[in-house]
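Visitor: One structure, pasted below without further comment.
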Amino acid sequence: MSFRFDETDPQLLIVYTAGEYTAENYRELGRRWVARIERGERFGVLIVNEPYKPQESGKSDHSQQEYEAEEINRLVNAFRRDYRHLSRINTAGYANVYDPEAAWVISARAQAGKWESWQVVAESRARYMYGTHGGIFTDVQDAQQWLKSQLLQPPIDLEGLHSDLAAESTNHVGLYYGSTTGVTEKVAFDIQATWQQLAGETLVPINIGTVKDLSELLAYDYLILGVSTWNIGQLQDDWEIAFPQFDSIDLTGRKIALFGIGDQYGYPDNFLDALGILGNELIRRGATLVGYTDPSGYEFSTSLALENGQFMGLAIDEINQPELTESRISQWVTEVMDVFGLRYRAASTPDASTF
């Protein structure tokens, strides 16, 4: 049985995947989702991830799979840009149901706290992409009950934190990022929190997808820019959309610090390539990159982010080394502040045990 929809319950938009993940499937999901939003309905979205059962010899076209994955990522990110502000009001929750016999589910259930950590990831991604709560389940009825309970809850306030930060911010340092699933956004806010603690200066993390004119970046004395690597060494698509505008911007002499998100084990041949693509373009436009980091401690084959044996910025791998993210950010922010010529706020400087 193929990818199919169940909308018999007006409060739920249910998808049974049959293990299929094509762009056209998700294009249709987007159309149905948007239609409900435009009708002003309040509902929950349930994705039932069924095991894939190949009907042929089991051989697959790897290049076609890569194409479909790339297109789905673009569709999801386009939905976030165009509809999250409306989805926040109408979509009560976003739930995924997984096969309880799947190897990764069994493994996560067996490790203390692992399943709970995946729940946190599901919540974070649903907030970022769809403006709603998220959850993972192994039983369809449990997921349905959870979604029905979310219908009774008020919409998430996505703007409150950003508004509070904006009220305290200055135009000294600009912090911009591009994020598809919310991981780069999380790291941007982690950097913001560390910066606030050390410098007493509030940065407002700004999604580059919301910026219509990149000349906005020139309003800042210094810049911190974050990018994730997608598919086979490609720019995250918000940055890809903005990229052509660099041709009309002069960054001569401007100090810019970069941070990049990648997967060193899943993509060892293009780990952090997007960091290198962005970094080289900034250098071409006259910028001076700061905040280079040592690649020791990472396992990968090649990376466009390397220049003279150093990464062109902070390297974060939230998939394989999340336990190192906090210390890496703390050390890097301290170094970047020094290069920017900024002073620590003595009253809030953490003691050595923090690092």
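Visitor: Restrict the check to segment 149-156 and report whether at least one residue is modelled with pLDDT under 90 and either in the same structural domain as I72 (by TED's automatic domain parsing) or outside any helix (DSSP H, G or I) (or both).
Guide: yes
Visitor: Pull up segment 111-123, narrow it to residues that are hydrophobic (A, V, I, L, M, F, W, C), out of contact with any Lys or Arg (no Cβ under 6 Å at 6 or more places or on another chain) and part of a helix (DSSP H, G or I), then point me to the one that is surrounded by the fewest Cβ atoms within 10 Å (Cβ to Cβ).
Guide: The qualifying residue surrounded by the fewest Cβ atoms within 10 Å (Cβ to Cβ) is V120.
Visitor: A follow-up question, please. Of the residues K212, K186, only one is among the basic types (K, R), in a helix (DSSP H, G or I) and modelled with pLDDT under 95; which?
Guide: Going through K212, K186 in turn, the sole match is K186.
Visitor: Can you tell me which of A126, A78, A108 is in the same structural domain as R27 (by TED's automatic domain parsing), crowded, with 19+ Cβ neighbours inside 10 Å and assigned to a helix (DSSP H, G or I)?
Guide: Testing whether each residue is in the same structural domain as R27 (by TED's automatic domain parsing), crowded, with 19+ Cβ neighbours inside 10 Å and assigned to a helix (DSSP H, G or I) leaves just A126.
Visitor: Restricting to segment 10-25, name every residue that is more than 16 Å from L46 (Cβ to Cβ) and either without any contact (Cβ under 8 Å) to a residue 40 or more places away in the chain or not assigned by TED's automatic domain parsing to the domain that holds T91 (or both).
Guide: Those that are more than 16 Å from L46 (Cβ to Cβ) and either without any contact (Cβ under 8 Å) to a residue 40 or more places away in the chain or not assigned by TED's automatic domain parsing to the domain that holds T91 (or both): G19, E20, E24.
Visitor: Of a type in the set (D, E, K, R), buried (at least 20 other Cβ atoms within 10 Å of the Cβ), in the same structural domain as D317 (by TED's automatic domain parsing) and modelled with pLDDT under 95: which single residue out of D221, D238 fits that description?
Guide: From the options D221, D238, the qualifying one is D238.
Visitor: Now a separate question. Please specify each residue of segment 176-204 satisfying the condition of being within 19 Å of R127 (Cβ to Cβ) and either without any contact (Cβ under 8 Å) to a residue 24 or more places away in the chain or of a type in the set (A, V, I, L, M, F, W, C) (or both).
Guide: V183, V187, A188, F189, I191, A193, V204
The values are calculated or read from the model by the stated rules, or taken from the named source; none is laboratory data. Predicted model only: the values in this text are computed from it and were never measured. FYI the Cβ positions are ideal-geometry reconstructions off the backbone, even for glycines, and counts take in every protein chain you see.
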